[in-house]
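The values are calculated or read from the model by the stated rules, or taken from the named source; none is laboratory data. Just so you know, these numbers come straight off a predicted model, no measurement behind them. Because the Cβ atoms are built from the backbone with ideal geometry, glycine has one as well, and the counts that use them run over all protein chains shown.
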Amino acid sequence: MTSFDAIVIGGGHNGLTAAATLAKSGRKVLVLEAASEIGGAARTEEFAPGFRAAPAHLLNRLHPEVVKTLELERHGLALGPIAPSVALSRDDKPLTLHGAYGESLSGASASEAAAWQELRAQLLRYAGILKPLLARRPPELGNMSLMETSAFAMTGLSLRRLGKEDMRDFLRMLLMNVSDVADEHLDDDRLKGLLAFDATLGSHLGPRSPTSLLGLYYRLAGEFGRQPGAQALPAGGMGAVVAAILRAAKAAGVSIRADAPVARILAEKGRAAGVALDSGEEIRARTVVSAINPHSTFLDLVGTREIDTGFVRRIKNIRMKGDAAKLHLALDRPPEFSGVDAAGHRGRLVIAPSSDHVERAFNPAKYGEFSPEPVMEITLPSLSDPTLAPDGACVLSAVVQYAPYALKEGWEAGKPKFLAAIMARLELYAPGIGRLVRHAELLTPADLEARYRMPGGHWHHGELQADQMMMSRPAFGAAGYDTPVEGLFLCGAGSHPGGGVSGVPGLNAARRIIEMRG
Amino acid sequence: MPKTAVKPVTEQAIVQPLHSPAQLHFRTLRLDTPFQPRIDAAMKTNDWYDWGGYRAPASLWDEELEYFAIRSQAALFDISPMTKYRIEGPDAESFLNRLTLRDVTKLKTGRVHYTAWCDDEGFVLDDGTLFRLAPNRFRLCCQERHLPWLLDSAIGFDVTVTEETEVVAALALQGPTSFAILREAGFEGVERLKVFDLAEFAHEDGSVTISRTGFTGDLGYELFVETRLALSLWDRLWQAGELRGIRAIGYTALNRARLEAGLIVANADFVTAEHAIRADRVRMPDEIGLGFMVDLEKGHFNGRRAIAEARAKGRLRHVLVGLEIEGNIPAEHAIVYHRKKKEVGLVSAAIWSPMAKRNIALASLERPYGDSITDDLWVEIYAMRELKYERLMKRAKVVQRPFIKLDRRTASPPAEF
Ligand SMILES: Cc1cc2nc3c(=O)[nH]c(=O)nc-3n(C[C@H](O)[C@H](O)[C@H](O)COP(=O)(O)OP(=O)(O)OC[C@H]3O[C@@H](n4cnc5c(N)ncnc54)[C@H](O)[C@@H]3O)c2cc1C
């Protein structure tokens, strides 16, 4: 039997990224994935005969260092064109953001377009300051290495470079809510609604919740094709991105086993020694890397008897109840969204008519109810990649908010009602779409939890809010990828910087392991 | 009914009673213990103090004579205010093994051990005694309250943690005639109890748990009983002890005895981690003389990683030592110096020991003083003499604890005096 230096638990894109990076350093690496297919929430699956989709559908933060380190382009990563965002409207024509997050606008007044350019530049500038912090290992307070100190200092420097007024505004705005920021600059409800939506996507916040602007910064700290804020529908669906990472991993010599759910992380005297599978099989290795949720990692797999009470408290307190549902529609033919041109249909269509609307959609989620008029982000991936649907047919993929994980009435009763509410919204913006539906798959956070083993069905494997970021992500004591259990590392979206298909947690964790000679 | 019970995390529901009896706490700022009628009757000095929210006697009639009751007769001391937890369930042993420093798998049913527990950083939260009442049932006794910590420590264990401070009354019966009194009182088989043994004995229609334990370094026992049987137990002992010199005592006398025995008191001789406000006041076990408890071989326990690291990196800054000080003036809270000049620590408790006939003290020193450097230590005593301080610089010697060792404490079978 081969022996491994490192075992990676979870074959999501972060697990694969970590595995590939470790293998490139000369380590023998084994990835264990519970599902029959790798890719996690980025895996493309058939949801109706001939129709395929993945929960994650837009590429907007795959990190260039990941692309470079794993040589993803050589392994077949085909980056499509930058996709526009279209803010749909019922009373108005849609407003379109072209290029990288609205380099130009169409459908807006000249004065609004000018105001937007100013705000966009400012937002990108400020997101750019946070960008290095959201790329590297978070600094350890009181115990910073030279590298970390200098990274921190660099942030300070780039702050200084901003100039006095800009620096003041950066600090003033840092913990503001997106709605107030948008109101300071803009008039157009469509544009403000879009910003409100993007800032709160994947988190339990409304646009008026304090700190909601951070979500937009997080989004804008991502880039595509070296262009900050840009997005694309990957050719071949998100699954193709995973496939490229998988090829890189395999080329580096990573062994991969699907259908291999890990039941326990073996710990001996405070040190990780390997894993035990559901089947009872035990595999030992010097280093265990968990690419799954931090809560599951510590409370289920390691178990509380191997870790300290204070740490258990912190892990238990991580908030991770998702609010995002995923809708997959198998349509007879492409739908027509009113007023949207062909290019728009290949982009991202957003139903978030105003910031107030997003806020109102959030309100019921606070009390365990879904939004009767949900907001959503829609793509039609099969328009860009016809292999995702049968000839002439179309896949609609939509992330819909707000669908609270712990729905008071329970999702069994709630799901058909929520689907009806979503379809009613869609019908308003794409009249006749209901008649095209051959099959509808709605994945509530509870479904996402079960299918992808994402506790709470949470996008980021843990709320991405100020108190759960940086050195507090996922919790103090495990924020630097190494954990209180010697030889056990975290590398999933629950770790810094957070979720989305970026590969950053995976890459950072692997680098940390290499640095620690794990 | 248990006040609080722990379930695995997945089954935990949030239950909030509308009115908890605790909400009326302000009506009685100091509670009575189940023995209060007897103690009130014996109280002559009206010298009370607050022990964990209870009205407890500092002395009852004469602190000097109360002390001698411990050493030459039998002293009855109400320990009901001591914090007590009942820990029960299939995982009780592994729960406690993860919670505390010592190896609980080595603690047999019917035995008691002295132990301590730490937070994640390896700082001591408290010390206390752990009683193994049955294979899956324990009682943990200590100074401070720890329910939230214990409940959170129970996550992932099949165990119930119940606060039982208020529902279990307890007495310490300490002194040379204590065994004779128990026998006289009809607790048959009590002679078989060796030091740190415990057993159940019939009392009225219930039972009493008697352990051969105590806080005096003397022959002695501790008795635990449900509160409704408290007074009848007191009376039973009192009657049996009439001809054996049984006396009720207060804390001042006990405190002297415990100091002679070299025992430490949480938040008197060290500051517990949850009480410390200043970052440098917390202590690791090795820094307060409890390093012997730390069992790095038994598997994981709270603070293990931090303690092992502090040991490996030589990060233990303090040491708790016993001092013998020249002269006869107690050096309570005196500053300790090296070569009369450099301040190196503080005395936390000190008395003139009638048994040892020595001036003794417990002190916390900053390493290497008290550790590798033990010569030329001095304490500065300020003795108030008719509104004037006499400042004394007295030589101090680091000595072994306990300061006294009484064969009768461990003699088996115990002697009858
Ligand atoms: C509805 C929805 C829409 C999203 N849309 C986007 C988007 O458009 N763009 C974007 O960038 N991001 C999107 N995201 C976020 C993104 O999908 C996640 O942040 C990302 O998938 C996290 O990757 P990961 O590798 O860290 O974890 P995951 O993708 O969750 O992978 C973890 C893997 O570990 C496996 N696993 C779990 N437990 C075990 C075990 N015990 N043993 C073995 N294997 C185990 C799981 O089966 C899974 O394959 C979306 C998320 C959701 C929920």
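Answer yes or no as to whether residue B:164 is touching a residue at least 40 places away in the same chain (Cβ under 8 Å), under 23 Å from residue B:139 (Cα atoms) and within 19 Å of the chain's Cα centre (by Cα). Criteria met by residue B:164.
Looking at region B:280-297, is at least one residue on the phi > 0 side of the Ramachandran plot, within 14 Å of chain A (Cβ to nearest Cβ) and in contact (Cβ under 8 Å) with a residue 60 or more places away in the chain? So far as region B:280-297 goes, no, none of its residues is on the phi > 0 side of the Ramachandran plot, within 14 Å of chain A (Cβ to nearest Cβ) and in contact (Cβ under 8 Å) with a residue 60 or more places away in the chain.
Taking residue A:387 as the residue in question, decide whether it is touching a residue at least 12 places away in the same chain (Cβ under 8 Å) and under 21 Å from the mean Cα position of the chain (by Cα). Spell out how you get there, then give the answer.
Numbers: touching a residue at least 12 places away in the same chain (Cβ under 8 Å): yes; under 21 Å from the mean Cα position of the chain (by Cα): no.
For residue A:387, the condition - touching a residue at least 12 places away in the same chain (Cβ under 8 Å) and under 21 Å from the mean Cα position of the chain (by Cα) - is not met.
Checking each residue in region A:276-291 for being surrounded by 24 or more Cβ atoms within 10 Å (Cβ to Cβ) and in contact with a helix residue (DSSP H, G or I) (Cβ under 8 Å, 6 or more places away or on another chain) picks out A:289, A:290, A:291. Taken over region A:279-291, the residue count meeting the criterion of being closer than 30 Å to residue A:407 by Cα and touching a Pro at 6+ places or on another chain (Cβ under 9 Å) is 1.
If you take the residues of region A:428-455 that are over 26 Å from residue A:494 (Cβ atoms) and in a strand (DSSP E or B), which of them is farthest from the ligand (Cβ to nearest atom)?
So in region A:428-455, the residues over 26 Å from residue A:494 (Cβ atoms) come out as A:428-440.
If we keep only those that are in a strand (DSSP E or B) too, we end up with A:437-440.
Numbers: A:437: 19, A:438: 21, A:439: 18, A:440: 15 Å.
Looking at the filtered set, the residue picked out is A:438.
Residue A:390 meets all of the listed conditions (1) assigned to a loop (DSSP other than H, G, I, E, B); (2) away from every other protein chain (no Cβ under 14 Å); (3) buried (at least 21 other Cβ atoms within 10 Å of the Cβ) but one, namely (3). Of the residues in region A:259-279, at least one is of a type in the set (Asp, Glu), in contact with a strand residue (DSSP E or B) (Cβ under 9 Å, 6 or more places away or on another chain), more than 30 Å from residue B:308 (Cα to Cα) and in the same structural domain as residue A:496 (by TED's automatic domain parsing).
When region A:463-518 is filtered for residues that are more than 14 Å from chain B (Cβ to nearest Cβ), away from the ligand (no atom under 16 Å from the Cβ) and among the acidic types (Asp, Glu), the ones remaining, listed by number, are A:467, A:515. Go through region B:298-312 and report how many residues are among the hydrophobic types (A, V, I, L, M, F, W, C) and either more than 16 Å from residue B:120 (Cβ to Cβ) or facing another protein chain (nearest Cβ under 7 Å) (or both). Within region B:298-312, residues that are among the hydrophobic types (A, V, I, L, M, F, W, C) and either more than 16 Å from residue B:120 (Cβ to Cβ) or facing another protein chain (nearest Cβ under 7 Å) (or both) number 1. Does any residue of region B:343-356 turn out to be of a type in the set (Val, Ile, Thr), assigned to a helix (DSSP H, G or I) and not assigned by TED's automatic domain parsing to the domain that holds residue B:118? No, region B:343-356 contains no residue that is of a type in the set (Val, Ile, Thr), assigned to a helix (DSSP H, G or I) and not assigned by TED's automatic domain parsing to the domain that holds residue B:118. When region B:259-279 is limited to residues that are more than 14 Å from every other protein chain (Cβ to nearest Cβ) and assigned to a helix (DSSP H, G or I), the one that is farthest from residue B:153 (Cα to Cα) turns out to be B:260.
Looking at A:400, A:358, just one residue is in contact with a helix residue (DSSP H, G or I) (Cβ under 6 Å, 6 or more places away or on another chain), more than 14 Å from every other protein chain (Cβ to nearest Cβ), within 16 Å of the ligand (Cβ to nearest atom) and under 24 Å from residue A:458 (Cα atoms), and that residue is A:400. Checking each residue in region B:167-194 for being surrounded by fewer than 17 Cβ atoms within 10 Å (Cβ to Cβ) and within 23 Å of the chain's Cα centre (by Cα) picks out B:167, B:194.
For residue A:371, are the conditions met, namely being surrounded by fewer than 22 Cβ atoms within 10 Å (Cβ to Cβ), outside the structural domain of residue A:188 (by TED's automatic domain parsing), within 16 Å of the ligand (Cβ to nearest atom) and within 23 Å of the chain's Cα centre (by Cα)? Reasoning before the result, please.
Numbers: surrounded by fewer than 22 Cβ atoms within 10 Å (Cβ to Cβ): no; outside the structural domain of residue A:188 (by TED's automatic domain parsing): yes; within 16 Å of the ligand (Cβ to nearest atom): yes; within 23 Å of the chain's Cα centre (by Cα): yes.
Taking the combined requirement at face value, the residue does not satisfy it.
Since residue A:3 meets every condition but one in (1) under 26 Å from the mean Cα position of the chain (by Cα); (2) farther than 19 Å from residue A:385 by Cβ; (3) surrounded by fewer than 23 Cβ atoms within 10 Å (Cβ to Cβ), which condition does it not meet? Only one criterion in (1) under 26 Å from the mean Cα position of the chain (by Cα); (2) farther than 19 Å from residue A:385 by Cβ; (3) surrounded by fewer than 23 Cβ atoms within 10 Å (Cβ to Cβ) is unmet by residue A:3, namely (1).
Restricting A:487, A:492 to residues that are under 21 Å from residue A:275 (Cβ atoms) and touching a Lys or Arg at 6+ places or on another chain (Cβ under 7 Å) narrows the list to A:487.
In this entry, residue B:325 is excluded by the filter for residues that are crowded, with 20+ Cβ neighbours inside 10 Å, more than 30 Å from residue A:478 (Cβ to Cβ), away from every other protein chain (no Cβ under 14 Å) and in contact with a helix residue (DSSP H, G or I) (Cβ under 9 Å, 6 or more places away or on another chain).
Residues checked against (1) more than 13 Å from every other protein chain (Cβ to nearest Cβ); (2) of a type in the set (Ser, Thr, Tyr); (3) not in a helix (DSSP H, G or I):
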| site | (1), (2), (3) |
| --- | --- |
| B:84 | yes, no, yes |
| B:98 | no, no, no |
| B:128 | yes, no, yes |
| B:138 | yes, no, yes |
| B:149 | no, no, no |
| B:157 | no, no, yes |
